[in-house]
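S.K.: Sending over a structure as structure tokens; questions will come in a sec.
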Amino acid sequence: MEIPGNYDFQKVEEKWYKYWMENNFFHSEPDNRDAYTIVIPPPNVTGVLHMGHMLNNTIQDILVRRARMKGKNACWVPGTDHASIATEAKVVAKLKNQGIDKYDLSRDEFLKHAWDWTHKHGGIILEQLKKLGASCDWERTCFTMDEERSKSVIKVFVDLYNKGLIYRGVRMVNWDPQAKTAVSDEEVIYKEEQSKLYYIKYKIEGAADEWVTIATTRPETILGDTAVCVNPNDNRYKRLKGKRVLVPLINRSIPVIEDDYVEMEFGTGCLKITPAHDINDYEIGLRHNLEIIDTFNDNGTLSEKAEILIGTDRFEARKKIIPMLEKSGNLVKDEEYKNKIGYSERTDVVIEPKLSTQWFLAMEKLAKPALESVESGEITFHPAKFKNLYRHWMTNLKDWCISRQLWWGHQIPVFYLNDGSYVVAETPEDALLLAKEKTGNQSLTMNDLKQDEDVLDTWASSWLWPISVFGGVTDPDNKEIQYYYPTSDLVTAPDIIFFWVARMIMAGYYLRGKEPYRNVYFTGMVRDKLRRKMSKSLGNSPDPLNLISEYGADGVRVGMLFCSPAGGDLLFDESLPEQGRNFSVKIWNAFRLVKNWEIDEKIQQPLHSQLAIEWFRSKLASVSIEMDNHFDKFRISDALMLLYTTIRDDFSSWLLETVKPEYQQPIDKKTYFELIELFDNVLHLLHPFMPFISEEIWQMLSPRKDGESIMISQMPVFEKFNPDILADFEDVKETITGIRNIRKANNIPYKTRVALMVNVGTKGYQPKFDPVLMKMGSLSKIEIVNEDAKGAVSFRVKTSVFFVDLGQNIDVDEEIKKLNEELNYTKGFLKGVDKKLGNEKFVKNAPESVVDLERKKKADAEEKIRVLEERIEALK
């Protein structure tokens, strides 16, 4: 067959992905095999591929392809998340550009725009994942707001409510003024900022010229003050007990109260209390029955209750109120102050604490089995360090605020009657029946019910993901949920360990009494080589599709993993996918080399080829076992690096160079087909990492039928390997390297054969491999000697000394110089080992295996020194 000189990855990737799709290789149905299941962390429906997605989905695809080739029924479920806040924000912005305000539309009209946006932009990211080679079961693609997932979310809400776990209450929540919705504690990102601490004095009511000074970072909130508080143990303010003060600028009279919460050392020791705009003030207000005055509108502007600066944005109001306080004589001073300010994770605006009526999910009962499952090891985290983070969060849980003041999302299934009472039901029809039953009024109609305007938090749908994708909420006993659940592994980022990972575990135990997955693999964050987080603003985040176009999907996949330790940040540089592409070229060239050899059936297999193939069979068996061990511990990058060096060094260099026939000579049939079998095995181990080039070569390596593919063939089962042959061949490689170094140093061409003499020690030389040494070293003979060879250059492998006869070409002084350098280094090494073994504390406390290793190092160094000294003496 005609094999192209260059590997055209773009043509190959398009061809084989189409082939896999046409043959439905990614699809899974329940059968009698063991299931291997992964559910994709659903990206935002309107999102596009970024580097984090690339890393996460590369790892998932590797795990799925490997499981498929290990005989498992592999099912990788793709899908997208409706992303309430993010998607609604984009739709609102789009409408604004068209001169349309969201609130000029009805809910249904707005949702039509949102669905149009979703249908236009949604799913782009899934199409992009196909370019990466993702072997998802695309027939199973889900969306968190499709019919099945929506029914699941509503059904679970009703069930939780009926069991008393969901309740409605007025609480201080994290309010996002841009999105105009509450967000959960986990969706608030705290940033340390340089602020100002303003000292403001309040006049004591009824006193001629008496004042009390408070300190605040938010002077605009004084308009909502309903008390000033001091510590009852603070003698400075005993005189204020029972008195009242006047709020600056508006002269509202408020009481002075006492509470142990006040820190006497902070600021002035006197605290303004604004119950509507601070969680701690709110709790003090409850204890002292204070009035609550909300001076902010939902969009962060000052409300009519502020009395002044009405309609002004909160930060603009801060700027304006300072000169007003100066003019009125109430501003004492200001000073620089560092504090942490909460920002909305979604919109990156400053969060406003706000009293609001919301729906909450009680977490205590749900959290208990979810914590126990991770503590007991029923669910294993990789790396294990994230177990501590998980424990900390699970033991400090607050009830989950699950309502959002948005229109895009799952509308809360609560239906209100005209008197303010309500019923909770899965459908409006069920709600009407419940309302009639509750009120005893059979004449009620749908017009008498009004559904809650709010929607559920996005995570209140994705926490059901491993169950709902298999219809396990609406039909708990269906064959798919019984077969695929619990899923096998979850690959995700640690920044959503609370949002998603923990909540899925809670949902799994609540709904099915089982863990949702057995392993969680946490990827690191993709950063640039300067350790900066990748972002558009920094301009350091490459377009993944451009990388694939430049280096190929296989090159990008392995490039990502070259720098991706489990749980550690990935320091990405474009040289990495370039290295991946170069690896593809090396494999392709190895394939072309082998396939272009002419076969002669009459030739007997040379002994050097037989030995090399025997060695590489054992090598590959050993590598396979070690790779399995890496995968078991989710050291996926380590597994790749092991295979990478095996292919680059052992297969492409040592094996192929050893069996390669002389120039323009044929190869024997036995060696050729044994080599093809080994190449086939290599491709199978490689396929999960580099699916495209492995498929392309595998299809051409041997005759294939239509419908065959490496991705659905089984991983090779290796016979038990011989560790001795592996150790011996390492000595052979070191010996050949020694011969080549001497050739290079003395400008002796490969075609000039040289004689090798061996003074055999206890280790380092096995005569069995002489045929390999003869071929690879281009030797004329190998001779065993009992003393140092005069006029020869030497090198040492373990305790055996090798001599290459250079005739008159040897420079004795230069050779003695080299040997002395090696001798001095070895003596220094021995000195360090002796120092360690002379340390009684080390010998007594170190593990026996460590001490034994040091003793072995000592013995080897002493033997090496003896040999080097004898060799130097012989040359003098």
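S.K.: Rounded to the nearest 5, what % of DSSP beta bridges with both residues in segment 466-599 are antiparallel?
M.R.: Taking every DSSP beta bridge with both residues in segment 466-599, the antiparallel ones total about 10 percent.
S.K.: Right, something else. Per residue, how much accessible surface does segment 765-874 expose to a 1.4 Å probe? Answer in Å², no decimals. Provide the component values of the computation, followed by the final result.
M.R.: Values: 6480 Å² over 110 residues.
Using a 1.4 Å probe on heavy atoms only, each residue of segment 765-874 averages 59 Å².
S.K.: Just to verify a number: what accessible area does GLU220 come out at with the full protein assembly present, 1.4 Å probe, Å² rounded to tens?
M.R.: 0 Å²
S.K.: Along segment 49-64, what does the Karplus equation 6.51 cos²θ - 1.76 cosθ + 1.60 (θ = phi - 60°) give for ³J(HN,Hα), rounded to whole Hz, x for Gly and Pro?
M.R.: 4, 10, 5, x, 4, 4, 5, 4, 7, 4, 5, 4, 5, 4, 5, 5
S.K.: Can you give me the accessible area per residue for segment 624-749, using a 1.4 Å probe, in Å²?
M.R.: Details: 5480 Å² over 126 residues.
Normalised by residue count, the accessible surface of segment 624-749 is 44 Å².
S.K.: Right, next: When the accessible area of segment 655-695 is computed with all protein chains present and a 1.4 Å probe, what percentage of it is carbon and sulfur?
M.R.: Numbers: 660 of 1340 Å².
Carbon and sulfur atoms account for 50 percent of the accessible area of segment 655-695.
S.K.: Given LYS203/LYS320; LYS70/LYS131; LYS533/LYS586; LYS319/LYS529; LYS96/LYS338; LYS781/LYS818, which pairs have Cα atoms separated by over 30 Å?
M.R.: LYS533/LYS586; LYS319/LYS529; LYS96/LYS338
S.K.: Just to verify a number: what accessible area does CYS270 come out at with the full protein assembly present, 1.4 Å probe, Å² rounded to tens?
M.R.: Its accessible surface works out to 10 Å², give or take rounding.
S.K.: Skipping prolines and chain starts, which residues have an amide H placed within reach, meaning under 5 Å, of the one on ASN73, given they are 5 or more residues away or on another chain?
M.R.: ASP34, ALA35, TYR36
S.K.: Need one number: the % of Cα-Cα pairs in segment 772-876 sitting beyond the 16 Å mark.
M.R.: Here the tail beyond 16 Å accounts for 65 percent of pairs.
S.K.: Something else: In sequence order, what are the phi-derived ³J(HN,Hα) couplings for segment 709-719 according to the Karplus relation 6.51 cos²θ - 1.76 cosθ + 1.60 with θ = phi - 60°, rounded to whole Hz, with x for glycine and proline?
M.R.: Karplus-based 3J(HN,Hα) across segment 709-719 equals 7, 5, 5, 10, 8, 8, 4, x, 9, 8, 6 Hz.
S.K.: Shifting gears a bit: How much accessible area per residue does segment 95-157 have, counting only protein heavy atoms and a probe of 1.4 Å, in square angstrom?
M.R.: On a per-residue basis, segment 95-157 sits at 51 Å².
S.K.: Further question: Please report, as a whole percent, how much of the solvent-accessible surface of segment 1-90 comes from carbon and sulfur atoms (probe radius 1.4 Å).
M.R.: Of all accessible area on segment 1-90, carbon and sulfur atoms account for 48 percent.
S.K.: Using Cα atoms only, what is the angle between the long axis of helix 575-595 and the major principal axis of the chain, expressed in degrees (0 to 90) to the nearest 10?
M.R.: That helix lies at roughly 40 degrees to the long axis.
S.K.: Taking Cα atoms of segment 286-343, Rg/Rh with Kirkwood Rh, to two decimals? Kindly include the intermediate steps, with their values, before the conclusion.
M.R.: Values: Rg = 14.1 Å, Rh = 13.6 Å.
A ratio of 1.03.
S.K.: What is the spin-label model distance, in nm, from LYS533 to ARG168 if the labels are put 7 Å beyond Cα along the C-beta direction?
M.R.: That separation, rounded to one decimal, is 3.7 nm.
S.K.: Run the quick spin-label model on MET264 and GLN664: label points 7 Å from Cα toward the beta carbon, then report their separation in nm to one decimal.
M.R.: 10.2 nm
S.K.: Which order do you get for SER702, SER780, SER376 if you rank them by accessible area with a 1.4 Å probe, largest at the top? If you can, show how the numbers build up before the last one.
M.R.: Values: SER702 35, SER780 65, SER376 90 Å².
Solvent-accessible surface, decreasing: SER376, SER780, SER702.
S.K.: VAL843 to GLN605: extension gain in nm, 0.36 nm per residue of separation minus the Cα-Cα distance?
M.R.: Stretched out fully, the VAL843 to GLN605 stretch lengthens by 80.4 nm.
S.K.: With n ≥ 4 as the cut-off for DSSP H runs, can you work out [θ] at 222 nm for the chain, using -39500 (n - 2.57) per run divided by the number of residues, rounded to the nearest 500?
M.R.: Theoretical 222 nm ellipticity from helices: -13500 deg cm²/dmol.
S.K.: Now, a different point. Work through the residues other than GLY568 whose Cβ is under 11 Å from its Cβ and net out their charges, Lys, Arg +1 and Asp, Glu -1.
M.R.: Numbers: positive: LYS385, ARG527; negative: ASP569.
Taking every other residue near GLY568 into account, the sum is +1.
S.K.: Between the helical axis of 723-745 and the dominant principal axis of the chain, each derived from Cα atoms, what acute angle in degrees is found, rounded to the nearest 10?
M.R.: For 723-745 against the chain, the angle is about 70 degrees.
S.K.: With unit charges on the beta carbon (Lys/Arg positive, Asp/Glu negative), name the residue among PRO248, ILE712, ALA182 whose Cα is farthest towards the positive pole of the charge dipole of the chain.
M.R.: Sorting the options by dipole projection puts first PRO248.
S.K.: Provide HIS382, HIS687, HIS113, HIS50 ordered by accessible surface of protein heavy atoms (probe 1.4 Å), highest first.
M.R.: Highest to lowest solvent-accessible surface, that is HIS50, HIS113, HIS382, HIS687.
S.K.: Filter the GluC sites (Glu not before Pro) in segment 285-391 to those in DSSP coil with at most 15 other Cβ atoms within 10 Å of their Cβ, and list the result.
M.R.: Here the GluC sites (Glu not before Pro) that fit, given the DSSP loop and packing criteria, are GLU291, GLU378.
S.K.: Find the relative contact order for the chain and round it to a whole percent, using C-alpha pairs within less than 8 Å whose residues are 6+ positions apart.
M.R.: That works out to 12 percent.
S.K.: Follow-up. So for PHE522, PHE315, PHE842, what's the accessible-area order with a 1.4 Å probe, most first?
M.R.: PHE315, PHE842, PHE522
S.K.: Could you list which residues have their amide H under 5 Å from that of ASN44, counting only those 5 or more apart in sequence or on another chain, with H placed in the peptide plane?
M.R.: ASP81
S.K.: Under 13 Å from the Cβ of TYR190, count the other residues' Cβ atoms, weight Lys and Arg +1, Asp and Glu -1, and hand me the total.
M.R.: Details: positive: LYS191, LYS338, LYS340; negative: ASP185, GLU186, GLU187, GLU192, GLU193, GLU345, ASP348.
My count for the surroundings of TYR190 gives -4.
S.K.: Modelling each spin label as a point 7 Å along the Cα-to-Cβ direction, I'd like the LYS790/GLU14 distance in nm, to one decimal.
M.R.: About 7.3 nm separates the two model spin labels.
S.K.: Taking 0.36 nm per intervening residue step and subtracting the Cα-Cα distance, what contour gain separates LEU197 from GLU283 on full extension? Can you show the working numbers first?
M.R.: On the way: separation 86, 0.36 × 86 = 30.96 nm, distance 2.27 nm.
Difference between extended and current length: 28.7 nm.
S.K.: Here is a further query. Kindly express, to the nearest 10 degrees and within the range 0 to 90, the angle between helix 314-328's C-alpha long axis and the longest C-alpha principal axis of the chain.
M.R.: 50 degrees
S.K.: Tally up the carbon and sulfur contribution to the accessible surface of segment 249-344 as a whole percent, 1.4 Å probe, everything protein left in place.
M.R.: Using a 1.4 Å probe with all protein chains present, segment 249-344 comes out at 47 percent carbon and sulfur.
S.K.: Return the label of the correct value of semi-axes √(5λ) of the Cα gyration tensor in Å, as calculated from the structure shown, out of (1) 48, 37, 30; (2) 69, 37, 24; (3) 48, 32, 27.
M.R.: After the calculation, the listed value that fits is (2).
S.K.: Taking H as built 1.01 Å from N, whose amide H comes closer than 5 Å to the amide H of VAL173, not counting residues under 5 places away?
M.R.: When sequence neighbours closer than 5 places are left aside, the close amide H contacts are LYS354, LEU355, SER356.
The values are calculated or read from the model by the stated rules, or taken from the named source; none is laboratory data. All of these numbers come straight from a predicted model, not from anything done at the bench. All Cβ positions, glycine included, derive from the backbone under ideal geometry; neighbour counts span all protein chains shown. Quick note on the areas: whole protein, heavy atoms, side chains included, nothing else; ligands and nucleic acids left out. Shrake-Rupley method; radii C 1.70, N 1.55, O 1.52, S 1.80 Å.
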